[in-house]
Amino acid sequence: MARYADPGVLEWVESGGGPLIAVPEAVLAFWAGADSEELATDYDRACEVDGLAGLLPVGDSAALVLGDEPASTSFLPDLGTFVRWSAADSEADLLAGVPAALATAVWGGEAHWRVPGPVLLFDSAWPGREAGRTEHLRVPLEAGTYTVRAAYAQPRPETWIGLVQLRRLGP
């Protein structure tokens with residue numbers, strides 16, 4: 001996992017240039033990534049997601065695609081938020097800006113994401129079965145439905161943060 005501070009507070013996931021994806025562990029085997037004999041791969045589908053975040057069917061569930069740019073990403077469980085490092089001088093500066101970013105963000109539309117349990121965040125080019133062999137982050141979500149909303153915010157002159165917030169609606 002990439003670390004931006006020594007020793008680093010969070011574990012960050014990066015991609016090789018495409019979108020990151022959060023796939024429920026229960027359906028990881030159904031995500032083929034860029035490895036497919038089909039004309040349009042799962043990775044291609046992830047790249048077609050328009051906007052900061054979107055949902056794609058995977059097995060009998062859905063995956064959350066973190067679109068727009070391949071920014072380093074981590075998850076803040078206490079805020080239920082994926083934090084995307086667009087610009088900041090340090091991890092400490094980025095994290096210090098998160099409260100103001102959340103307070104001032106202009107949120108886009110919302111989606112509802114039903115998950116069967118924990119998800120794995122990784123580069124969407126990787127097949128789900130191999131996600132554990134690359135940079136990944138396990139996000140221990142409880143089974144249920146979440147409202148997903150996304151925004152970019154600039155809490156400080158040199159700090160830009162992408163936010164994808166999850167709010168649990170119920171079981």
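The values are calculated or read from the model by the stated rules, or taken from the named source; none is laboratory data. Note that the coordinates shown come from a computational prediction; the quantities given were computed from them, not determined experimentally. FYI the Cβ positions are ideal-geometry reconstructions off the backbone, even for glycines, and counts take in every protein chain you see.
Just to be sure, is residue 120 modelled with pLDDT of 90 or more, closer than 22 Å to residue 18 by Cα, not in a loop (DSSP other than H, G, I, E, B) and not β-branched (Val, Ile, Thr)? Walk me through it before giving the result.
On the way: modelled with pLDDT of 90 or more: yes; closer than 22 Å to residue 18 by Cα: yes; not in a loop (DSSP other than H, G, I, E, B): yes; not β-branched (Val, Ile, Thr): yes.
Criteria met by residue 120.
Kindly check whether there is at least one residue in the range 19-32 that is among the acidic types (Asp, Glu), farther than 19 Å from residue 62 by Cβ and out of contact with any Cys (no Cβ under 7 Å at 6 or more places or on another chain).
Of the range 19-32, the ones among the acidic types (Asp, Glu) are 25.
Subsequent filtering for residues that are farther than 19 Å from residue 62 by Cβ retains none.
No: the range 19-32 contains no residue that is among the acidic types (Asp, Glu), farther than 19 Å from residue 62 by Cβ and out of contact with any Cys (no Cβ under 7 Å at 6 or more places or on another chain).
Residues that are at pLDDT 95 or above, under 22 Å from residue 124 (Cα atoms) and either assigned to a strand (DSSP E or B) or among the small types (Gly, Ala, Ser) (or both) are absent from the range 32-40 altogether.
Can you give me the number of residues within the range 41-50 that are part of a loop (DSSP other than H, G, I, E, B) and surrounded by 17 or more Cβ atoms within 10 Å (Cβ to Cβ)?
Result for the range 41-50: 2.
Evaluating residue 93 against the criteria (1) closer than 17 Å to residue 123 by Cβ; (2) outside any loop (DSSP other than H, G, I, E, B); (3) more than 18 Å from the chain's Cα centre (by Cα); (4) acidic (Asp, Glu) leaves one unmet condition, (1). Residue 102 fulfils the conditions (1) surrounded by 20 or more Cβ atoms within 10 Å (Cβ to Cβ); (2) in a helix (DSSP H, G or I) except for a single criterion, (1).
Contact annotation: residue pairs with Cβ atoms under 9 Å, 6 or more positions apart or on different chains, pairing a residue in the range 69-97 that is in contact (Cβ under 8 Å) with a residue 60 or more places away in the chain and within 22 Å of residue 17 (Cβ to Cβ) with a partner that is in a strand (DSSP E or B) and basic (Lys, Arg), are 69/84; 71/84; 72/84; 73/84; 74/84; 88/156. Within the range 10-31, restricting attention to residues that are in a loop (DSSP other than H, G, I, E, B) and at negative phi, which residue is surrounded by the most Cβ atoms within 10 Å (Cβ to Cβ)? The residue in question is 31.
Scanning the range 105-117 for residues that are small (Gly, Ala, Ser) and not in a strand (DSSP E or B) yields 105, 108, 109, 117. Among the residues of this structure, residue 37 does not count as one that is on the phi < 0 side of the Ramachandran plot, under 17 Å from the mean Cα position of the chain (by Cα) and surrounded by fewer than 20 Cβ atoms within 10 Å (Cβ to Cβ). Checking each residue in the range 51-70 for being in a loop (DSSP other than H, G, I, E, B) and surrounded by fewer than 20 Cβ atoms within 10 Å (Cβ to Cβ) picks out 51, 59, 60, 68, 69, 70.
Within the range 112-171, being under 30 Å from residue 37 (Cα atoms), surrounded by fewer than 21 Cβ atoms within 10 Å (Cβ to Cβ) and of a type in the set (D, E, K, R) holds for 114, 129, 130, 133, 135, 138.
Look through the range 142-171, keep the residues that are in a loop (DSSP other than H, G, I, E, B) and free of Cβ contacts under 8 Å to residues at least 40 places away in the same chain, and return whichever of them is farthest from residue 49 (Cα to Cα). The qualifying residue farthest from residue 49 (Cα to Cα) is 157. Restricting attention to the range 129-136, does a residue exist that is under 20 Å from residue 48 (Cβ atoms) and not in a helix (DSSP H, G or I)? Taking every residue of the range 129-136 in turn, none turns out to be under 20 Å from residue 48 (Cβ atoms) and not in a helix (DSSP H, G or I).
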